[in-house]
Amino acid sequence: MTPFITIRQASASYPVYAGRDLLGEVSSLIHARGRIFVITSAPLRDRFGERIAASLDADVIEIEEGESHKNLTTVNDVVTQLLARGAKRDSMAVVVGGGVVGHTAGFAASIFLRGIDLVHIPTTLLAQVDSSLGGKVAVNHASGKNLIGSFFPPRAVISDLSTLDSLPRREMLSGLFEALKGGVIGDASLFEMLESPPRIDVDEVVRKAIQVKAEIVSADEREADLRRLLNYGHTIGHGIEAALDYRHLTHGEAVAWGMIGANAIAAQRGLLARNVAGRIDRVIRAWNPTPIPADIDRDAILAAAEHDKKNTGSQRVMVFPRAIGTCEVFSDITEAEIAFGVDAILGEVR
């Protein structure tokens, strides 16, 4: 089968398959050298994992879903199970699930015996358009999101778009906000597709979003420059997630609110026309992200933003749009500006 696209990075190249009814093709798309371990969550084991494992003659390892389990404790559990079941350096981890499962199990694969082969089978829209692509795997720390991680390219990514048909609406929206981010940073036509909720072609949204991310991560594997564009909305978004202890909002919803905060700063700086900022904000609100709780701790958001992994030395780094389809990275952000962006968001809920 011909890949939809091939991501070519300095350390490795790997195919991305994106189409319908691909779960039945997994065994023909994976070329394993040794034993295979399917790592997934309990709900997804029943829906997809056992079927995939049977086709691969693989063992199944379960992990818990949810941001509260995206940590080193879960990673240690995966490593322990791999050791107990006799995994070796030629083994392969086939990770079936959304962003949390993919990042957590992917990080475990990256450190087990200094790294075993990894295949992502993302089953949520968020994972298909974002987290499974680019070779980043990570878990959270009490001080912030994704602070413990690796750059570890997979052998392949297999996105079966049919798995999205039964996805709960809120999980679908979480991915749509990441796709919308992709439209703002690199594809105005993708943004325009998402301007008319709810009438969208989800399959085409996935393909366009994959292309945006593939182009960026192929040009900049380790986030030295261009790849930082993918963090549009994430500085404040991650701060919101941390302040809420990774509860109440999905990742995509937090990023959506973070985009609104970034737009406010960009407009204040004169980088983004206010009518364009308003256009982006209107699309975000039209998709109805879950509101931020009125009692959220503003200072906790700002403290988490200070630990943002994009920051370097004393510099605060943020991504701002200049137009729809064009963004730029800035490293001269002040604490007062981040506070301004946060207040622009919180003013709507207080």
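The values are calculated or read from the model by the stated rules, or taken from the named source; none is laboratory data. Not measured: the values here are computed from a predicted model. Methodologically, a virtual Cβ is constructed for each residue, glycine included, from the backbone with ideal geometry; neighbour enumeration extends over all protein chains shown. These area figures cover heavy atoms from the full protein model, side chains too; ligands, DNA and RNA do not enter into them. Shrake-Rupley method; radii C 1.70, N 1.55, O 1.52, S 1.80 Å.
Counting just the residues of the stretch 131-145 that are hydrophobic (A, V, I, L, M, F, W, C) and open to solvent by less than 20 Å² (accessible area, probe 1.4 Å), which one comes out farthest from residue 70 (Cα to Cα)? Break it down stepwise before answering.
Restricting attention to the stretch 131-145, the residues satisfying the condition of being hydrophobic (A, V, I, L, M, F, W, C) are 133, 137-139, 142.
Okay, now just the ones that are also open to solvent by less than 20 Å² (accessible area, probe 1.4 Å), so 133, 137-139.
Working: 133: 18, 137: 11, 138: 8, 139: 5 Å.
So, considering only residues that are hydrophobic (A, V, I, L, M, F, W, C) and open to solvent by less than 20 Å² (accessible area, probe 1.4 Å), the one farthest from residue 70 (Cα to Cα) is 133.
How many residues are buried (at least 18 other Cβ atoms within 10 Å of the Cβ) and either of a type in the set (A, V, I, L, M) or at pLDDT below 95 (or both) if we restrict to the stretch 311-329?
4
Determine, yes or no, whether residue 57 is closer than 23 Å to residue 174 by Cβ and among the acidic types (Asp, Glu).
Criteria not met by residue 57.
Looking at (1) open to solvent by 10 Å² or more (accessible area, probe 1.4 Å); (2) more than 30 Å from residue 306 (Cα to Cα), find the lone condition where residue 148 falls short.
Residue 148 satisfies all of (1) open to solvent by 10 Å² or more (accessible area, probe 1.4 Å); (2) more than 30 Å from residue 306 (Cα to Cα) except (2).
Would you pick out the residues in the stretch 103-119 that are open to solvent by 10 Å² or more (accessible area, probe 1.4 Å) and not basic (Lys, Arg)? Before the answer, list the steps.
Start the filter on the stretch 103-119 by keeping residues that are open to solvent by 10 Å² or more (accessible area, probe 1.4 Å), which leaves 103, 107, 110-111, 113-115, 117.
Listed by number, the residues that qualify are 103, 107, 110, 111, 113, 115, 117.
Only residues that are in a helix (DSSP H, G or I), in contact with a Ser or Thr (Cβ under 8 Å, 6 or more places away or on another chain) and either of a type in the set (A, V, I, L, M) or open to solvent by 10 Å² or more (accessible area, probe 1.4 Å) (or both): list them for the stretch 154-171, please.
So in the stretch 154-171, the residues in a helix (DSSP H, G or I) come out as 161-164, 169-171.
Still in the running and in contact with a Ser or Thr (Cβ under 8 Å, 6 or more places away or on another chain): 163-164, 170-171.
Result: 164, 170, 171.
With respect to residue 93, is the statement that it is in contact (Cβ under 8 Å) with a residue 24 or more places away in the chain, part of a loop (DSSP other than H, G, I, E, B), on the phi < 0 side of the Ramachandran plot and open to solvent by less than 80 Å² (accessible area, probe 1.4 Å) true?
Values: in contact (Cβ under 8 Å) with a residue 24 or more places away in the chain: yes; part of a loop (DSSP other than H, G, I, E, B): no; on the phi < 0 side of the Ramachandran plot: yes; open to solvent by less than 80 Å² (accessible area, probe 1.4 Å): yes.
It is false that residue 93 is in contact (Cβ under 8 Å) with a residue 24 or more places away in the chain, part of a loop (DSSP other than H, G, I, E, B), on the phi < 0 side of the Ramachandran plot and open to solvent by less than 80 Å² (accessible area, probe 1.4 Å).
Do we find a residue being closer than 21 Å to residue 143 by Cβ and in contact with a strand residue (DSSP E or B) (Cβ under 6 Å, 6 or more places away or on another chain) anywhere in the stretch 271-280? Give the derivation first.
Keep residues of the stretch 271-280 that are closer than 21 Å to residue 143 by Cβ, which gives none.
Looking for residues that are closer than 21 Å to residue 143 by Cβ and in contact with a strand residue (DSSP E or B) (Cβ under 6 Å, 6 or more places away or on another chain), one finds none in the stretch 271-280, hence no.
Search the stretch 273-293 for residues being open to solvent by less than 40 Å² (accessible area, probe 1.4 Å) and not aliphatic (A, V, I, L, M), and hand back the single one that is farthest from the chain's Cα centre (by Cα). Let's see the steps before the verdict.
Let us first name the residues in the stretch 273-293 that are open to solvent by less than 40 Å² (accessible area, probe 1.4 Å), namely 276-278, 280-281, 283-284, 287, 289-290, 292-293.
Next, only the ones that are not aliphatic (A, V, I, L, M) stay: 278, 281, 287, 289-290, 293.
Details: 278: 25, 281: 21, 287: 19, 289: 17, 290: 18, 293: 23 Å.
If we take residues in the stretch 273-293 being open to solvent by less than 40 Å² (accessible area, probe 1.4 Å) and not aliphatic (A, V, I, L, M), then 278 is farthest from the chain's Cα centre (by Cα).
Residue by residue, here is whether (1) more than 29 Å from residue 65 (Cα to Cα); (2) touching a residue at least 24 places away in the same chain (Cβ under 8 Å); (3) of a type outside the set (A, V, I, L, M, F, W, C) holds:
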site	(1), (2), (3)
249	no, yes, no
266	yes, yes, no
272	yes, yes, no
278	yes, no, yes
